Amino acid sequence: EFLHADTNSGPVDVEEMERVVMCLAALGRMELAYRVCLSIPRKEKMEADEGGRDELMRLIARQAVELLEVDMAILAYRECGDADRVAFLDRLVQLEDVPMLQGYLKVLLGQKQAAIESFVRAGAPREALDVMCDAQMWESAKGLATTVDQRRLPMIHRHVAMGLEDKGDYEGALASYKEAIGEVDESRVEDAAEHFRACNAGLARCLCYCGMYEPAARLCERIAEEDVLVECAAILERMKQYSLAGRLHQRLGNLERACSLYIQDMDFDAARPLMDQVSTPKLHLLYAKAKEARGFFKEAAASYEKGGDMESIVRLLVDESQLNDPRKAMDLIRKGIASSTGAAEIVADYCRRVGDITGSIEFLARARLDEMAFEMAVRHDQMPVYERTLAESEGSDELVEERYRSVAGYYKERNLPLEAAKNYVLCGEYEVAMELCLSLDQTNVSVDDTAASAAGGGLWKLSPHMDLAIDIAGRCHDEGLVNRLVDHLLRANTGLEDDELGYHQAQSIYKLHQVLGNYEESARIAMLIAKREQDEGRYKAAQSLLLKTYKDLDRLKMRIPRELWERLMLLQSYILVKPLAQLDEHVNAALLLKRICQGNVLQSFRKHAAQTLASAVIECMKSGMKAEAHAYACELMRDAELRNRISEQLRKKIEVVVRKPPKEDRQGFQEPLSPCPYCATPLPDSSLSCGHCQNIIPFCAVTGLHVVLSDWSSPCGNCSFPMRHSMLERMLAHEKSIVCPMCSEELAASAVS
């Protein structure tokens with residue numbers, strides 16, 4: 001009825017047709033069902049085809065397979081596009097053995113057991129074995145393969161073992177793995193390499209689970225398969241066989257994990273060679289703790305150091321039963337190597353136990369237990385110890401200032417104003433500190449300035465409280481405090497000129513101007529102080545002060561006063577005379593003495609005027625400067641006071657010079673000439689000004705003569721004064737080492753030669 005109906009008469013009842021197809025298939029009318037199904041229209045591509053024509057075709061094909069109608073099954077599968085099944089069935093079209101055909105068709109239908117039975121009835125055990133293997137029916141396959149195909153036995157045993165392993169029957173699996181790799185002929189086993197790899201991996205796992213750890217580890221190392229090593233290492237770790245697991249990780253190259261496992265198992269012999277190859281601090285700390293637990297304290301300390309745990313090293317060092325070296329622990333903290341507060345607290349506790357009060361205060365402060373440290377310092381009168389530690393502390397500015405304020409209060413209560421002032425400065429209370437310093441200056445017993453200077457007070461030796469007061473002025477730059485200090489320094493000399501200031505006051509004002517950066521004013525005061533030093537015969541001290549001032553001005557690119565330069569030049573000339581005479585440089589020495597005598601020797605070097613004139617007479621005579629020698633001899637002999645300052649023997653020699661003046665017609669001494677470094681005009685060696693180019697010429701620090709470009713040298717890195725290189729070489733030949741004649745800094749031989 002459906003097949004002969006007019007399709008143009010109306011819409012087709014698809015649901016009715018599907019019902020008819022299913023009924024025909026159930027009745028075994030496969031060809032008719034197929035034809036009816038073909039007449040059912042396909043659904044649009046965008047619509048799901050569930051329950052549609054293709055599904056009905058699959059139903060027809062499956063029913064045809066059940067009825068052994070292979071040709072009809074092929075047609076139906078081809079219609080629904082199932083190429084794999086069509087290809088499978090094409091191979092069975094010519095098969096006439098019904099049991100065999102049933103077996104293959106049961107395989108197609110997924111009925112494995114029925115297929116096996118059909119193949120057995122058909123006398124085809126190999127096909128039955130294939131189905132068993134495909135269905136993973138390994139136990140059944142094992143029995144059948146023994147008689148049918150022994151080549152498959154190793155593979156079947158392997159799969160049996162894998163199944164037992166999955167079920168947790170590790171002993172059974174172990175036996176099956178052994179059978180799988182027993183006496184196997186590699187030529188008869190397909191993919192033998194993969195088979196052995198899988199069996200050995202399974203063996204290794206089962207050996208681990210069965211408690212045979214050492215054989216398992218050896219087998220893993222022999223296999224050297226990364227995935228097997230990783231898996232077995234994990235199993236051994238779960239079984240707490242850490243050392244063996246470490247061996248496998250070491251084989252894998254996981255040195256850090258291997259070390260960790262060795263240490264966990266206390267296997268130090270295995271861990272030791274690897275420790276130098278790992279850098280993870282955590283591992284070194286783990287190793288150190290394990291070593292410490294076993295009593296190997298030195299090795300533990302070395303590992304703690306590599307792990308960065310200096311606090312534990314300090315703990316070992318202060319323990320009498322361990323390393324017992326507390327001094328080393330203290331040095332570690334003082335040098336900042338063990339910087340934790342915990343380490344300092346450990347040492348502080350040790351010092352308290354042994355009665356070391358100084359150490360307790362120091363390390364309590366380093367541990368930032370400031371209140372305890374301060375209380376102990378007060379109780380035992382050891383505040384300087386607390387102060388020293390406070391200077392090295394790294395706390396916040398507010399906290400440190402508060403500590404210094406407490407220390408200052410402590411000293412103030414005990415009537416120690418200088419110490420109190422120092423700490424008030426450190427906490428920023430400059431006004432209080434200044435008042436304390438000036439109060440000290442008022443209470444000090446006054447001494448005569450000149451006497452104090454002559455007694456060797458030294459150019460830079462101000463009283464500590466005055467040094468501190470000047471430092472305060474330089475720190476704060478507070479105009480009120482600076483004026484307060486200046487007023488204090490001048491209060492005893494109100495209305496006096498600068499050159500009438502006391503020695504101590506002049507020094508103080510000079511340093512004050514230095515710290516305030518008033519270099520021009522400090523230069524003026526420096527010349528005043530240098531004049532007093534020179535008047536007292538302390539020429540080197542005067543020269544040092546003028547040199548320092550000269551360098552300060554030069555460094556700041558400021559104009560150097562002509563008076564300062566001339567005084568420095570005269571003082572340097574005076575200082576050079578003696579060493580030049582010792583080198584038999586009598587002409588040079590005579591020229592310098594001539595310069596000094598022309599500069600009013602009685603005024604500039606009055607303490608040693610007689611000796612200076614006498615030296616000038618002697619050096620001029622040795623140099624052939626007889627007219628100059630006669631003039632200086634006459635000057636010396638005319639002044640009774642000067643004449644009486646020299647020895648009788650020397651006086652007689654000088655009197656001879658006075659009695660025998662040089663003849664007027666005889667040619668006098670001709671001073672050597674050398675070129676001006678600016679314009680090359682020939683000038684007398686001792687001349688420091690050029691009449692041609694009107695320049696002031698620098699003087700040589702080693703000869704006192706003017707510098708020469710062709711002989712220029714500046715080997716001193718401290719003062720950088722120019723020198724004549726030829727004279728430096730001569731001095732070096734005379735002495736093994738030389739110092740700078742200007743600033744007394746030692747000169748390197750390489751810089752001179």
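Decide, for the range 584-670, between rounded, prolate and oblate: order the square roots of the alpha carbon gyration tensor eigenvalues as a ≥ b ≥ c, take rounded if a/c falls under 1.5, and otherwise choose prolate if a/b is larger than b/c, else oblate. Here the range 584-670 falls in the oblate category.
If I take R0 = 30 Å and measure r between the Cβ atoms of S340 and E401 in this structure, what FRET efficiency does the formula 1/(1 + (r/R0)^6) give, to the nearest 0.05? Taking R0 as 30 Å, the efficiency between S340 and E401 is 0.80. I need the Debye-formula profile for the range 277-394: one equal scatterer per C-alpha, no solvent, reported as log10 I(q)/I(0) at q = 0.21 1/Å, two decimals. Debye intensities relative to I(0), on a log10 scale: -1.04. The Rg/Rh ratio for the range 387-435 is 0.96, where Rg is the radius of gyration of the alpha carbons and Rh is the Kirkwood radius. Extending 7 Å from Cα along the Cβ direction at R218 and again at D169 yields two label points whose distance is 2.9 nm.
Rounded to the nearest 0.05, the FRET efficiency derived from the C-beta distance between E648 and A733 at R0 = 45 Å is 0.75.
Below 8 Å, C-alpha to C-alpha, sequence gap of six or more: please give me the relative contact order for the range 584-670 in percent.
29 percent
For the range 276-347, applying the loop criterion from DSSP together with a ceiling of 12 other beta carbons within 10 Å to the GluC sites (Glu not before Pro) yields E320.
Proximity of backbone amide H atoms, modeled 1.01 Å from N, is registered between R724 and A701, V702, T703 at under 5 Å, excluding neighbours fewer than 5 places apart on the same chain.
Straight-distance candidates among the lysines for linking to K511, with alpha-carbon spacing under 22 Å and chain neighbours fewer than 8 residues away dropped: K422, K461, K531, K540, K548, K551, K557.
Averaging the Cα positions of each part gives two centres, and for the range 284-338 and the range 360-439 these lie 33 Å apart.
Take the alpha carbon atoms of the range 564-623, find their radius of gyration, then divide it by 2.2 N^0.38 Å using N residues; give the quotient.
1.02
Against the globular-protein guess of 2.2 N^0.38 Å, express the Cα radius of gyration of the range 674-753 as a ratio, rounded to two decimals.
Values: Rg = 13.1 Å, N = 80, 2.2 N^0.38 = 11.6 Å.
So the Cα radius of gyration is 1.12 times the expected 2.2 N^0.38 Å.
By the count of other C-beta atoms within 10 Å, a proxy for reagent exposure, V577, V385 are ordered fewest to most as V385, V577. Counting neighbouring Cβ atoms within 10 Å and putting the fewest first, the residues R272, R724 line up as R272, R724.
So, counting K/R as plus one and D/E as minus one, what does the shell of residues with Cβ under 14 Å around L568 add up to? Result for the local shell: +2.
If each residue's Cβ is checked for other Cβ atoms within 10 Å, how do M625, M727 rank with the fewest at the top?
Values: M625 26, M727 21.
With the fewest neighbours first, M625, M727 line up as M727, M625.
Pair-distance distribution of the range 617-720: all C-alpha pairs, bin width 5 Å, starting at 0; shares per bin in whole percent are 2, 11, 16, 14, 11, 13, 13, 10, 8, 2. Take the Cα of L516, step 7 Å toward its Cβ, do the same at K328, and the gap between the two points is 5.6 nm. Volume of the convex hull of the range 521-580 (Cα atoms only), normalised per residue: 75 Å³.
Could you grab the relative contact order for the range 674-753? Cα pairs under 8 Å, six or more apart, rounded to a whole percent. Display every interim value, and only then the final one.
Working: 123 pairs, mean separation 16.8, N = 80.
Rounded, it is 21 percent for the range 674-753.
On the basis of the beta-carbon distance and an R0 of 45 Å, R294 and E413 show a calculated FRET efficiency of 0.25. With just the Cα atoms defining each centre, how far is the range 259-278 from the range 532-549? Give it in Å. Centre-to-centre (Cα) distance: 71 Å. Annotation: amide H of S687 within the under-5 Å range of H706, sequence separation 5 or more or interchain, hydrogens built in the peptide plane.
Every read-out reported here was derived from the displayed coordinates using simple, explicitly stated rules and does not represent laboratory data. Source: prediction; values computed, not measured. FYI the Cβ positions are ideal-geometry reconstructions off the backbone, even for glycines, and counts take in every protein chain you see.
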